[in-house]
Amino acid sequence: MKPTDLVQGTLDLLILRILALESMHGWALSHRLKQMSKDVLQVGPGSLYPALHKLEQSGWITAEWLVSDTKRRVKFYSLTKEGRKQLASQTEDWKRLSGAISAIVLPT
Amino acid sequence: MRLFRKFHLRFRSLFDRSRVENDLEDEIRDFLDREAEQAIASGSTPEEARRLALTSLEGMERLKEECRDARGIRWLEDTLSDLRYAVRTLRRTPVFTITVIAALAFCIGVNTAIFSIVDTALFQPLPFPEQQRLVSVTEGVPGLGFPVLPFSPPDYLFVAAHNRSFAATGAYRTQSYELSGVGQPLRVKGARLTASLFQVLGISPTVGRTFTQEEDEHSKRVVVLSGVFAQNAFGTPEKAVGRTILLDRTSYTVIGVMPQSFMFPIHGSRFNSGPADVFIPVSWSNDDRKQTVSNFDFSMIARLKPDVTIQQANAEMSGLIQRIVEDYLPSIKQAFLQRVPNFSLESKTVPFREEFIGDAQRPLLILLAAVGIVLLIGCADVANLMFSRMVSRQKEFALRTALGAGKWRLIRQTLTEGLVLSAIGGAIGVCLAFWALPLLLRFAPENLPRLNEISLNSRMLVFVSVITLATPLFFCLGPLINTIRSAFVTQLRGEGRTANQGKHQKFVMSAAVVAQFSLAFLLLTIAGLLTRSLMKATEANPGFQSEHTITAQIALPGSSYQTRREVDSLFNRLLEQINAIPGVQQAGAISDLPMGSTSNVIISLEDHSTDNTEKVDFIFCRGSALDALRLPLIRGRLLQPQDEIGQRHSVVISETLARRISPRGDAIGRRLRIGADIPGNGEPWLTVVGIVGDVKSRLTDNTPRLLMFSPPKDWVKQMNLIVRTSGDPLLLANAVQHEIAQIDPNLPIAKMEPLDQILEQSLSAERFRTWLLICFAGAALLLATLGIAGLLAYNTAQRTQEFGVRIALGANRRDLLRLIFWHCFRLSGTGIVLGFLVSIAATRAISTLLYGTSPLDPGTFLAVPSILILVAFGAALFPAWRAVRTDPITALRTE
């Protein structure tokens, strides 16, 4: 599934969710996303990085530059307090939305 | 914390761009490295791995752009780069830039200066708390020809006591006083107020207190000073309080000082002179409080209750004023109803502002419209200059579009350039206004509302900002449309290079020039009409001769000159002494100067041969005043010295008044008296002994005043000396002053000036607006010339090849000239015809400002198109010269 097929704003929610577990850099994030969604969601850097930068500007995640074991400068993203609040509220929204869609699309 | 972090990020993206860019670079490289490592780990060659990683980015530059967009300062960055770019391009064409900035600076500067004047006079809120609730109330006796009058004391007291619309009411009148006891004696402007007036206005004194109702009713000698006056006379307000000053040689105790900003009455008020220096209780006597249908001298101001509208107050006051008539003594009421058909009192309640705006509104708004038109003409110039620039830059724009610049980006670029131009123009314009405003005010007419308060202020800065921002929209409009419509691709292919510019664009540019010409036509016409009217007014015969005559105002303080004999003896001695000065031909004194303000009184005739009473100006004379003014004697005799003694009640009347009271017969010998013919009118009967020529009240007024000259009453203590001399009257000024000082050294002399100067000043308002409009029309003409010259030059340059071909094919120079002049006359001719039509419709708006000149004055309507055609011809000369000099070889070679 391509990111454009994602429901608007879902990518933000996914990123916040993953960063809530632990801080990580962009590449790791994209792989974690792929792995956690069992290869369904493949978000390329073309969508991932702009999204990360936007979240950083909004103040929901923050970034710091660390030097890795291989002596490379790596940008690590982590969730901020506002980000945590945002995650909670977006998760609530998502529950309501997905529940509503499921109720229509998958009638029992 | 969060705010700080966000701000920090934005700040860094803005000012530490290279680091942010480096970080972005590093981050992406890190991703690529990791992708590649992973690929190598799963068996790819390093090159293969590298390629795969890059593919996954889906375009490195696009990714970077999107990350930059995410920073949220994109618009700011773009604006900055637009600005840098605009400044760079403008610097590359200095002639264009300087021309445009000069035109804009001039237009914005003049607009700002005129706006400051008009805004202060007409729109700025008055410096009183909740000033929108202040109203001015007047009464009027339409049956006697006085629709609007200030209040008489009993009528004011009645409405003040009985109204339910007003939270507070007050009344005042200005009066001039001789001030002594502080330095040199001098005349000061004073105002007599009811104690309540300070509450109505809502201003408290900075030091001390204002007077109380008690003090007013008991005629206590207390005075409140204006802030400016206290400062000048005593140094500080604190030092003034408790001091004693002499007003008309009666001592008053200073009890308070108003703030410096308190200027009352407002400059230009209709019944009162400008801001007063001293405020004293009105202190009406018992007679004042009782006398009906006279003493209409006190302007009433009231403050509306919060829930009452002006309309409601007006309705209530109209009702109240009717009750005043009902309360009149039956005999008086009867007499009025008999003599004056439809006698009634009326009342009008209007916003306080109308008290001083009056007739000033229309000329001021016309001035504002005129400078607005100059600005529009200037904008059209700039628009055409921008347009021709745009055409030469079409290839550049095409290239930028091809490289990915969006349409909006180009529009923004155009607007930014316009904004840079108008911002610089605006800044210089404000400096220009700072310089020009004092100059303008020096020539401003004395009666301009709130003249003393005009300054460059924050409202003006808002105005400048608004027009500076709005102007580029006007002059970028054409170029913008062009930018949007341009077929960039065609341009890039090179086909557009020599092709004629698009029809549409040509139309817009020509339309701008046509509009300029028609607007210039309008301004020139208005300036022409005003000039002719001013010339007519200057030539008009006022009815008296003003040359070689000097006047001076003297007012005798009542406390030192109480009896008629004291007053008479002073004036007789004074006039005698002045007559003895060598060079003096006649000397006299008169209560009102011919061009000055006058008292309107009604008179009634002894044998009611004419039904109605007449409204006349009653003027008191001493000595040979009428002779000194050279009023032509038509019948009978002038006033003689013996008329001043004893009980011979003689009057001399003006020609029109004579015809009015005796349409067929001879007015000499008729008897008349002041006031309506009602019981209780104690005025003596006066006999007409002479008839003199008419005198105008204003040079621009064709209706002659109805004048009545009589020997002075004993209460007339303020007189204007009139001294006719054989040579330059100013040479005798010192001698006259010396004689006055000889007789009473404490007597201040005010307004000593030649009579012709007073006559000239009476036209200051007309002169002011006429000169301004001449300047504006000149500027409009200059800008319009610039416009058409620019367009023709540009057009000729565009058609160089065409001309070359024509010459090569055998066209002679005359044909080329005809082409260019035909183009020029087509443009200017259309503008002139349009301007003619617009002017015919528009000049009606100024017809009330014209004297002896028709709004369709044929001379003006012939001269203006001639000037414009001449100017257009001149503008076409240079392009024509260039076209004729076109060398066919060079022209074709550039192909």
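Values quoted throughout were computed directly from the atomic coordinates according to the rules given, and no laboratory measurement underlies them. Because the structure is predicted, anything quoted here is derived from the model rather than measured. We place every Cβ from the backbone using ideal geometry, glycine too, and count neighbours over all the protein chains shown.
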> Residue farthest toward the positive end of the dipole of the protein assembly as shown, with Cβ of Lys/Arg at +1 and Asp/Glu at -1: which of B:SER854, B:ASN541, B:CYS775?
Replying inline: B:CYS775
> Hey, what number do you get for chain A at 222 nm if only DSSP H runs of n ≥ 4 count, each worth -39500 (n - 2.57), divided across all residues, to the nearest 500?
Replying inline: -19000 deg cm²/dmol
> Can you give the alpha-carbon Rg of the range B:118-157 over 2.2 N^0.38 Å, where N counts its residues?
Replying inline: 1.63
> Arranged by the count of other C-beta atoms within 10 angstrom, fewest first, what order do A:TRP94, B:TRP284, B:TRP75 take?
Replying inline: B:TRP75, A:TRP94, B:TRP284
> To the nearest 20 debye, what is the magnitude of the charge dipole of the range B:280-436 about its Cα centre, counting +1 on the Cβ of each Lys and Arg and -1 on the Cβ of each Asp and Glu?
Replying inline: 1020 debye
> Modelled label-to-label distance, B:VAL833 and B:SER392, 7 Å Cα→beta-carbon offset: nm?
Replying inline: 3.4 nm
> Using the count of nearby Cβ atoms within 10 Å as a rough guide to exposure, how do B:ASP16, A:ASP12, B:ASP643 rank from fewest to most?
Replying inline: B:ASP16, B:ASP643, A:ASP12
> Can you work out the FRET efficiency for the pair B:LYS333 and B:ASP287, with r the C-beta to C-beta distance and R0 = 22 Å, to the nearest 0.05?
Replying inline: 0.60
> Taking a ≥ b ≥ c as the square roots of the eigenvalues of the Cα gyration tensor of the range B:180-264, is the shape rounded (a/c under 1.5), prolate (a/b larger than b/c) or oblate?
Replying inline: oblate
>> Can you tell me how chain B classifies by the Cα gyration tensor, rounded, prolate or oblate, using a/c under 1.5 as the rounded cut?
In response: prolate
>> Helix-only mean residue ellipticity at 222 nm, chain B, DSSP H runs n ≥ 4 weighted -39,500 (n - 2.57), per residue, nearest 500. What is it?
In response: -17500 deg cm²/dmol
> Roughly speaking, what is the centre-to-centre gap between the range B:535-601 and the range B:285-350 when only Cα atoms are used, to the nearest Å?
Replying inline: 36 Å
> By how many degrees, 0 to 90 and rounded to 10, does the Cα axis of helix B:2-15 deviate from the longest principal axis of chain B?
Replying inline: 70 degrees
> Between the range B:824-852 and the range A:79-100, what's the alpha-carbon centroid distance in Å?
Replying inline: 70 Å
>> Could you tell me which residue out of B:GLY181, B:ALA53, B:SER116 lies farthest along the dipole of the range B:28-187 toward its positive end? Charges go on the beta carbon: Lys and Arg +1, Asp and Glu -1, centred on the Cα centre.
In response: B:GLY181
>> Over the Cα atoms of the protein assembly as shown, each weighted equally, I'd like the Debye log10 I(q)/I(0) at q = 0.06, 0.07 Å⁻¹, rounded to two decimals.
In response: -0.71, -0.85
> When the dipole is taken about the Cα centre of the range B:407-478, and only Lys, Arg (+1) and Asp, Glu (-1) are charged at their Cβ, what size is it in debye, to the nearest 20?
Replying inline: 300 debye
> In the range B:630-651, which residues have a backbone nitrogen under 12 Å from the label point lying 7 Å from B:ASN579's Cα in the Cα-to-Cβ direction?
Replying inline: B:640-642
>> Taking 0.36 nm per residue of sequence separation and subtracting the Cα-Cα distance, how much length would be gained by fully extending the chain between B:TRP715 and B:ASP69, in nm to one decimal?
In response: 223.9 nm
> Modelled label-to-label distance, B:ARG635 and B:LEU817, 7 Å Cα→beta-carbon offset: nm?
Replying inline: 7.1 nm
>> Tell me whether the range B:678-770 comes out rounded, prolate or oblate; compute the Cα gyration tensor, take square roots of the eigenvalues as a ≥ b ≥ c, and use a/c under 1.5 as the rounded threshold.
In response: oblate
>> Could you tell me how far the Cα centroid of the range B:399-420 sits from the Cα centroid of the range A:18-52, in Å?
In response: 37 Å
> Quick one: putting +1 on the C-beta of Lys and Arg, -1 on the C-beta of Asp and Glu, what dipole do you get for the protein assembly as shown around its Cα centre, in Debye to the nearest 20?
Replying inline: 3140 debye
> What spacing in nm lies between the two simple spin-label points modelled at B:ALA167 and B:LEU473, each 7 Å away from Cα in the Cβ direction?
Replying inline: 3.8 nm
> Working out 0.36 nm times the residue gap between B:GLN312 and B:THR253, then minus their Cα-Cα distance, what length gain in nm do you get to one decimal?
Replying inline: 17.1 nm
> Quick one: Cα convex hull volume of chain A, Å³ per residue?
Replying inline: 113 Å³
